[in-house]
Every structure is written in C-alpha cells, then in structure tokens.
1. Given +1 on the Cβ of Lys and Arg, -1 on the Cβ of Asp and Glu, and no further charges, what dipole in debye does segment 1-53 carry about its Cα centre, rounded to the nearest 20?
2. For SER31 and GLU50, calculate 0.36 nm times their separation in residues minus their Cα-Cα distance, and state this gained length in nm to one decimal.
3. Run the simple label-point estimate for LEU5 and THR96 please: 7 Å along Cα→C-beta, distance reported in nm.
4. Sort THR96, THR42 from largest to smallest accessible area, using a 1.4 Å probe on the heavy atoms of the protein chains.
Amino acid sequence: MKLILAIVNNEDSAVVASALTKENFMVTKLSTTGGFLMVGNTTFLIGTDEKNVQRAKDIIKKYSNTRTHSAPTTESFGRGFDEGALQHEVPVGGATVFVLGVDEMEKY
C-alpha cells in the first residue's frame, strides 16, 4: 500500500480531482498554502496499491499545468525603480508528488 501526497495549484485541482476519481482513485483534498509565493494549493491524499501509483502520477502530471505568477522582487531598493522593478515573473503550477510507504490502513 502506498500514500501519494500531491501538491497541485488551485487552478488545476478540480480537473485533477475529477480525472483521479473517474479512474476510481479515492481522493482526499486539503486546502494548503505554499511557503514561497503564499498562494493557494490543493494537497491530495491518495491511498492506493503499489501497482496503481504510476497511473495516478500520470494523471496528476497530465492535468497539472505550469504557468507564471507575478511576485515581489528581492532586488535592492538602492538601485532605483524602473517600471515593473518591484515585480518579476516566476514559474508556478505543475505538481509536487511524494509517494510514501504505508504499513497499515484501515477503513471503517
């Protein structure tokens, strides 16, 4: 038995959840916030047999898109300000996936 923790951008979470449940994965969604940009994410908890891990990862990868997000810059304030100097584009999205071994699982 494996536990998949998948951290997905909020913009992709509905389609990821729908695709996983359509393929009969049991999914728990948690609302989470990323530490770097402080934007919303969804963390999925997916318990599955080891033989189904790759299929779940393929679904998550297929529906998790990368995009850019405007974030405050870390440049020194002593350099002066050009238009847009306080913001820069950073890539966000995609998914971060952890696969953990599970010693025991009980469902009541």
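The values are calculated or read from the model by the stated rules, or taken from the named source; none is laboratory data. A quick note: this is a predicted structure, and the numbers were derived from the prediction, not measured. Glycine gets a Cβ as well: all are built from the backbone with ideal geometry, and neighbour counts include every protein chain shown. Areas reflect the complete protein model, heavy atoms only, side chains present, ligands, DNA and RNA absent. Shrake-Rupley method; radii C 1.70, N 1.55, O 1.52, S 1.80 Å.
1. Dipole magnitude for segment 1-53 comes out near 80 debye.
2. Full extension from SER31 to GLU50 adds 4.3 nm.
3. With each label placed 7 Å out from Cα toward Cβ, I get 1.0 nm.
4. Greatest to least solvent exposure: THR96, THR42.
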